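Below is one structure; the comments refer to it alone.
The values are calculated or read from the model by the stated rules, or taken from the named source; none is laboratory data. Everything quoted here is computed from the prediction, not taken from an experiment. Cβ sites come from the backbone with ideal geometry, for glycine too, and all protein chains shown count toward neighbours. SASA here: full protein model, heavy atoms, side chains in, ligands and nucleic acids out. Shrake-Rupley method; radii C 1.70, N 1.55, O 1.52, S 1.80 Å.
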Amino acid sequence: MTDLRNLLLEKIKENGSVTVAEYMALCLCHPEFGYYTTRNPFGAKGDFITAPEISQLFGEMIGVWTLGILQQIDVSRGAALVELGPGKGTMIADILRIIRKYPVYDSLEIHLVEISPYLEKLQRENLGQYAGKISWHRSIKTLPEIPMVILANEFFDALPVSQFAGSKEVTIGAKSGEFYFSKGKGNISEHSLESVEIMESLAAKIMKNSGGILVIDYGYTEPTNKSTLQAVKNHKFHDFLSGPGAADLTAHVNFFDLETAAEKHGLKVSGAVTQKNFLENIGIRIRAEALKKNANDSQRLKIDSALARLLDADKMGELFKVMATVSPKIKEIPGF
Ligand code: SAH
């Protein structure tokens, strides 16, 4: 039987080892056996819950940011709202519910970049009412050349990283059918080539046509000197190397690398700041109070618990960071 384990063992037999990035790419996005390509990982029954799935408040705040940027763009020849890795499509639905009340909505095309045919199908179902307005892309390469706002929540953490111990790249070998990491000396660092390539290509596009990019993800702005590779299954940490394809594999996002990539093409960068800082600045508490005015007791409790999950330091508030990078033409960056 061919499955991911055998495929990886064969590759390792041929080449002696695979890099961490090769291992992640296959486990996550192999067309037949990959983690994202074969399932819906979100929600209580899935493996993890993301901010848009916790509360509509999150998507609404991202909607406010999006509007703030769109208002500073000349949309007379059209503009695009782009989401990278939309998951179930919950965030873009919450954003569109806000944006469609504004005149700029009529000039907007929606573009969703999703590598998983399985998740694309789910997004099509959940976004049925916007059918004519949305196009899907497997990669950023086919995005149009018009002004755009690009959103990425928990997208970059899903891209393969290369890990180094000192200056030597860490690899994965196999012994008696079990995978193991090569041993290295020196501080651990991680760089995601694919993330940097994507950021550079989008930055060049924004520089040319105007617009901005908002990245929200767990990550760091200073070197961590340790491995941030993690595997999650059924809401629990899982061994990174066991059961390839069965768990979500991620690494914390290296925001310094993303910032460098954006600045290289002339974009301005704000942040990364903590998610708590960003969401509070953009007005999440005011919106929560407004929602609570029309809510019953149990709904009020739900709103408070969602706020706590999104903002508290021991939950998503501090680990998650928000970075905005925009065309130099954009003067005001909401939330920073
Ligand atoms: N933004 C969503 C989902 C995050 S999970 C949320 O917050 O709930 C990561 C998403 O990125 C999934 O939709 C996954 O299928 C997609 N994805 C992963 N690698 C990708 C790639 N290389 N290109 C495009 N989409 C990718």
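Using Cα pairs closer than 8 Å and at least 6 residues apart in sequence, work out the relative contact order for region 26-85, in percent. Present the calculation step by step, with values, prior to reporting the outcome.
On the way: 25 pairs, mean separation 7.0, N = 60.
Value for region 26-85: 12 percent.
Only Cα pairs under 8 Å and 6+ residues apart enter the sum, and on that basis the relative contact order of region 264-336 stands at 57 percent. Using C-alpha pairs below 8 Å separated by at least 6 residues, the relative contact order for the chain is 21 percent. Note on Ser298 and Asn234: with the Förster distance fixed at 25 Å, the Cβ-Cβ geometry gives a FRET efficiency of about 0.40. Based on DSSP H segments of at least four residues, each scored -39500 (n - 2.57), the chain has a per-residue ellipticity at 222 nm of -11000 deg cm²/dmol. Placing dummy labels 7 Å off each Cα toward the beta-carbon, the span from Thr224 to Leu193 is 2.1 nm.
For Lys321, the residues whose amide H sits under 5 Å from its own are Asp217, Tyr218, Gly219, Gln275, ignoring neighbours fewer than 5 places away on the same chain, with H placed 1.01 Å from N. In region 3-326, taking the dipole from charged Cβ atoms about the Cα centre, the farthest positive-side position among Ala21, Leu249, Tyr118 is held by Tyr118.
Straight-distance candidates among the lysines for linking to Lys133, with alpha-carbon spacing under 18 Å and chain neighbours fewer than 8 residues away dropped: Lys88, Lys101, Lys121. The slack in the chain from Lys121 to Glu289, taken as 0.36 nm per residue of separation less the alpha-carbon distance, amounts to 57.0 nm. A straight chain from Arg100 to Asp314 at 0.36 nm per residue would run longer than the Cα-Cα distance by 73.5 nm. To the nearest ten degrees, helix 90-99 and the longest principal axis of the Cα atoms of the chain are 20 degrees apart. Among Val161, Val253, Val104, the largest mean-square fluctuation in a Gaussian network model of the chain (Cα springs under 10 Å) belongs to Val104. Using only alpha carbons, region 84-153 has a radius of gyration to Kirkwood radius ratio (Rg to Rh) of 0.93. Placing R0 at 35 angstrom, the Cβ-Cβ distance between Ala44 and Asp74 gives a FRET efficiency of 0.20 after rounding to 0.05.
Between Thr142 and Glu263, the contour length at 0.36 nm per residue exceeds the alpha carbon distance by 41.3 nm. A 1.4 Å probe run over region 3-326, with the rest of the protein chains in place, finds 45 Å² accessible per residue.
Spread over its residues, the convex hull of the C-alpha atoms of region 3-326 is 139 Å³ per residue. Shown here for region 213-315: trypsin sites (Lys or Arg not before Pro) in loop regions (DSSP other than H, G, I, E, B) with at most 12 other Cβ atoms within 10 Å, namely Lys226. Along the axis of the charge dipole computed for the chain (Cβ charges of +1 for Lys and Arg, -1 for Asp and Glu, origin at the Cα centre), the listed residues Ile12, Phe278, Leu96 are led at the positive end by Leu96. Solvent-accessible area assigned to carbon and sulfur over region 14-59 amounts to 49 percent, based on a 1.4 Å probe. When you filter the GluC sites (Glu not before Pro) in region 21-93 for DSSP loop state and at most 14 other Cβ atoms inside 10 Å of their Cβ, you are left with Glu32. Decide, for region 235-297, between rounded, prolate and oblate: order the square roots of the alpha carbon gyration tensor eigenvalues as a ≥ b ≥ c, take rounded if a/c falls under 1.5, and otherwise choose prolate if a/b is larger than b/c, else oblate. Because a/c hits 1.5 or more and a/b fails to exceed b/c, region 235-297 counts as oblate.
Think of each Lys and Arg Cβ as +1 and each Asp and Glu Cβ as -1; about the Cα centre, that makes the dipole of the chain roughly 480 debye. Partner lysines whose Cα lies under 18 Å from the Cα of Lys13, excluding those fewer than 8 positions away in the same chain, are identified as Lys175.
Counted by Cβ distance under 11 Å from Ala251, the other residues give a net charge of -3, where Lys and Arg count +1 and Asp and Glu count -1. Using the Cα gyration tensor of region 186-273, with a ≥ b ≥ c the square roots of its eigenvalues, what is the shape: rounded (a/c below 1.5), prolate (a/b larger than b/c) or oblate (neither)? The shape class here is prolate.
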